[in-house]
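Asker: Got a structure here, written out as structure tokens. Questions coming.
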Amino acid sequence: MTTTTTPIQIPTELRPADGRFGSGPSKVRQEAVDRLRDVAPGLLGTSHRRPPVLQQVRRVREGLVTFFRPPDGYEIALGNGGASLFWDIAVHHLIEHRSAHAVFGEFSSKFTGMVSAAPFLADPVRIEAEPGTHPEVTAQDGVDAYALTHCETSTGVAMPISRPAPEGLVLVDATSAAGGLSVDLTQADAYYFSPQKCFASDGGLWVALLSPAAVERAQRLTAQRYVPALLDLPAALAATRKDQTINTPAIATLFLMGEQLDWMNARGGLAWAVEDCARKAAHLYDWAARSDYATPFVADPSQRSNVVCTIDFADEVAADEVTGALRANGIVDIEAYRKLGRNQVRVAVFPAVDLADVERLTAAIDYVVAHMRG
Ligand SMILES: *Cc1c(COP(=O)(O)O)cnc(C)c1O
């Protein structure tokens, strides 16, 4: 005799209309993909030095200005490679001698490790905090750049962005936060991110909002040190000003980002997005607080991210079984960040994700857990 376990069937009314809750790549609105299909013959496979593609760079640049309303003098630069490539750019162009880093998860650790490996920089100052919290970053002697992470995507902790000291550039990895968490850009000199999180696009590009001080530092350091050509930030900025990129950009990614910017700007821009994400995150955290098996991982409510929400499960409820059952029902990518190694789920509630779907998600999780408990 063989025993088979029948997979849990989540009732249709509890299934989100869209089951993508990943922290990046994340949900891309189907309407944007449909628009891409419509415009594809005149855009994809055409020269990136000609108007159709130049217009997409301009559209993204202008859409970002409308969305973020950056302070006077701030500029937008973009290029290929994602936020990870911008870390290399920062190593070469934005840190002069020594940086200090808020280290509180995988992404902030990774950037710190890259800085520490650069032979021309001093070993960085690490200001660490346990996963699930963020450190307080204070002024450090001999430091010319502070590296903050607006949302540590691996743990679901958000930190406020404010200058730790009057001197020193503030470099903010805002990859998952940008577009969903509020920010005062006067407190940052480089606010950088990738388009596959709040901007509901595909990966492959980095985008940075740069202060005049950051541009000045980048120009000065380029004149002083060898910088690999693709990491040349002043060259990327000069290209972006002309609606170009240093090399061929990810054109579909640009287009989808432009669609998402238009969509968010039509709803009220960053202020709308911040409120929308907060409402969805509140639903998740309130659900966890009421649940007899779920608890928000981030103990201090003021440190909880409103874009990437981490929820611990009690030991007797195996999160990987829950996520496996959800996956079999088309609800994907809410597994905990692997290296964090916790019995938890991690749910992204970026602007493209509907509140109604987040509500169905928690109902679906409750359904699966009730089923597992028998
Ligand atoms: C996703 C993410 C990155 C990496 O982005 P890539 O586009 O893959 O380079 C870096 N930092 C944070 C905080 C992230 O969430």
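Asker: Considering only region 66-96, how many residues are within 16 Å of the ligand (Cβ to nearest atom), open to solvent by 30 Å² or more (accessible area, probe 1.4 Å) and closer than 22 Å to GLY168 by Cβ?
Answerer: Pass one, region 66-96, residues within 16 Å of the ligand (Cβ to nearest atom): 77-91, 94.
Among the residues that remain, those that are also open to solvent by 30 Å² or more (accessible area, probe 1.4 Å) are: 80-81, 84-85, 88.
Add one more test, that the residue is closer than 22 Å to GLY168 by Cβ, and what stays is 88.
So the answer is 1.
Asker: What helices (runs of 4 or more DSSP H) completely inside region 1-95 contain at least 1 residues that are among the aromatic types (Phe, Trp, Tyr)?
Answerer: Here the list reads 51-68, 82-93.
Asker: Looking at ARG50, ARG35, ARG58, can you tell me which residue is basic (Lys, Arg), at pLDDT below 95 and either in contact with a Gly (Cβ under 8 Å, 6 or more places away or on another chain) or open to solvent by 60 Å² or more (accessible area, probe 1.4 Å) (or both)?
Answerer: Only one candidate passes the filter, namely ARG50.
Asker: Kindly establish whether PHE107 is more than 13 Å from the ligand (Cβ to nearest atom) and either hydrophobic (A, V, I, L, M, F, W, C) or not in a loop (DSSP other than H, G, I, E, B) (or both).
Answerer: Answer is no for this residue.
Asker: Do we have any residue at all in region 248-260 that's part of a helix (DSSP H, G or I), without any contact (Cβ under 8 Å) to a residue 60 or more places away in the chain, touching a strand residue (DSSP E or B) at 6+ places or on another chain (Cβ under 7 Å) and more than 14 Å from VAL349 (Cα to Cα)?
Answerer: Yes, the conditions are met somewhere in region 248-260.
Asker: Answer yes if at least one residue in region 297-306 is open to solvent by 30 Å² or more (accessible area, probe 1.4 Å), within 30 Å of GLU136 (Cβ to Cβ) and without any contact (Cβ under 8 Å) to a residue 40 or more places away in the chain, and no otherwise.
Answerer: Yes, the conditions are met somewhere in region 297-306.
Asker: Moving to a separate point now. Find the residue count for region 334-363, including only residues that are touching a Pro at 6+ places or on another chain (Cβ under 7 Å) and at pLDDT 95 or above.
Answerer: Residues in region 334-363 being touching a Pro at 6+ places or on another chain (Cβ under 7 Å) and at pLDDT 95 or above: 3 in total.
Asker: As an exercise: evaluate GLY341 against (1) open to solvent by 60 Å² or more (accessible area, probe 1.4 Å); (2) in contact (Cβ under 8 Å) with a residue 40 or more places away in the chain and give the number of the one condition it does not meet.
Answerer: In the conditions (1) open to solvent by 60 Å² or more (accessible area, probe 1.4 Å); (2) in contact (Cβ under 8 Å) with a residue 40 or more places away in the chain, GLY341 misses (2) alone.
Asker: Right, something else. Please go through region 113-146 and give me each residue that is crowded, with 24+ Cβ neighbours inside 10 Å and under 29 Å from ASN343 (Cα atoms), ordered by number.
Answerer: Answer for region 113-146, where residues must be crowded, with 24+ Cβ neighbours inside 10 Å and under 29 Å from ASN343 (Cα atoms): just HIS134.
Asker: Scanning region 338-366 for residues that are closer than 28 Å to MET264 by Cα and not hydrophobic (A, V, I, L, M, F, W, C), which turns out nearest to the chain's Cα centre (by Cα)?
Answerer: So, considering only residues that are closer than 28 Å to MET264 by Cα and not hydrophobic (A, V, I, L, M, F, W, C), the one nearest to the chain's Cα centre (by Cα) is PRO351.
Asker: Follow-up. Just the residues that are closer than 16 Å to ILE95 by Cα and open to solvent by 10 Å² or more (accessible area, probe 1.4 Å), please, taken from region 174-188.
Answerer: Residues satisfying the conditions do not exist here.
Asker: Return yes when ALA214 is more than 14 Å from the ligand (Cβ to nearest atom) and modelled with pLDDT of 95 or more and no when it is not.
Answerer: yes
Asker: Regarding region 262-272, can at least one residue be identified that is farther than 30 Å from ILE95 by Cβ, surrounded by 21 or more Cβ atoms within 10 Å (Cβ to Cβ) and at pLDDT 95 or above?
Answerer: Yes, region 262-272 contains a residue that is farther than 30 Å from ILE95 by Cβ, surrounded by 21 or more Cβ atoms within 10 Å (Cβ to Cβ) and at pLDDT 95 or above.
Asker: Output the qualifying pairs, or none if there are none: Cβ atoms under 7 angstrom, residues six or more apart or on different chains, first residue in region 164-182 and hydroxyl-bearing (Ser, Thr, Tyr), second residue assigned to a loop (DSSP other than H, G, I, E, B) and more than 16 Å from the ligand (Cβ to nearest atom).
Answerer: none
The values are calculated or read from the model by the stated rules, or taken from the named source; none is laboratory data. Everything numeric in this text was worked out from a predicted model, so none of it was measured. Cβ coordinates were reconstructed from backbone atoms using ideal geometry, including for glycine residues, and neighbour counts include every protein chain displayed. Heads up: the accessible areas ignore ligands, DNA and RNA and are worked out on the full protein's heavy atoms, side chains in. Shrake-Rupley method; radii C 1.70, N 1.55, O 1.52, S 1.80 Å.
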